[in-house]
Amino acid sequence: MNTTNTIATLKGAEDIFGKETTRFQYRSSFFITGVFTSIAGMLGLVPYAPYASSLGFLQSTGIRERAPFFLGSALFIFLGLMPELTAFFSTIPHSVGNTVLFVAYLQLFRSALRNIEGLTFDPKTIYRVALPSLVGLSIMTMPRNVFSTVPELLQPLLSNGLLVGIMAALVMELFYWFGPRIPRLPMKK
């Protein structure tokens, strides 16, 4: 998940800032993400990850300076230190947060369409795009109790349509790239 977020965020940032991401920037981002994920795992915390939804906010607001993000980070740190404020903000309905994210995801949808705009749609390409999307969407619409018979360790993974869609896309890419390279056994007559 972190790898996918990192790649999507860096690729999306290329359009926003008008600069191509270098190999060094990719490596640095993976290194930083890996270090923070390891530390967070040892401490039982949520790991740092670049969020592709941040790109939607950048595109919607047009803010490209760093100062507002540092200010926002400082406010979140302050919020974390004040349990009363945290309790107050936790009473805000989920629909308010989802509405804000909806605007960001509209911009991400535009970026996703731009990424596939150069593809020639043939039967193989349709499978590579449509299968992960539809599998992920169908899992998102399933009720939670459908996954109650799945082992508890796998429930968070298999009940998350986004993760299953990403895994399906990765499997489809493996078939696409390695399929022609796998030697075929001769068929007996």
Report the relative contact order of the chain, percent, no decimals, based on alpha-carbon pairs under 8 angstrom and at least 6 residues apart. 17 percent
Counting only heavy atoms of the protein chains, get the accessible area per residue of the chain (1.4 Å probe) and round it to a whole Å² value. 78 Å²
Over the heavy atoms of L108, what accessible area does a 1.4 Å probe trace out, to the nearest 10 Å²? 40 Å²
Gap separating the Cα centres of region 1-77 and region 136-162, nearest whole Å: 27 Å
For L119, L81, L170, what's the largest-to-smallest order of accessible area, 1.4 Å probe? L81, L170, L119
Whole-Hz ³J(HN,Hα) for each residue in region 85-99, computed from phi via Karplus 6.51 cos²θ - 1.76 cosθ + 1.60 with θ = phi - 60°, x for glycine and proline: what do you get? 5, 4, 4, 5, 5, 6, 7, 5, x, 4, 4, 5, x, 5, 5
Share of the chain's accessible area from carbon and sulfur, percent, 1.4 Å? 71 percent
If I compute volume of the Cα convex hull per residue in Å³ from the structure I just sent, which labelled value in (i) 116; (ii) 135; (iii) 214 lines up? (iii)
For 48-55, 34-41, 139-146, 126-133, ranked highest to lowest by mean beta-carbon neighbours within 10 Å, the order is 48-55, 126-133, 34-41, 139-146
Measure of exposure for K11: accessible area at 1.4 Å probe, Å² rounded to 10, is 100 Å²
Please list E14, E65, E117 from largest to smallest accessible area, probe radius 1.4 Å, with all protein chains kept in place. E117, E65, E14
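The values are calculated or read from the model by the stated rules, or taken from the named source; none is laboratory data. Everything quoted here is computed from the prediction, not taken from an experiment. A quick note on method: Cβ atoms are made from the backbone with ideal geometry, for glycine too, and the neighbour counts reach across all protein chains shown. Please note that ligands, DNA and RNA were not included when accessible areas were found on the heavy atoms of the full protein model with its side chains. Shrake-Rupley method; radii C 1.70, N 1.55, O 1.52, S 1.80 Å.
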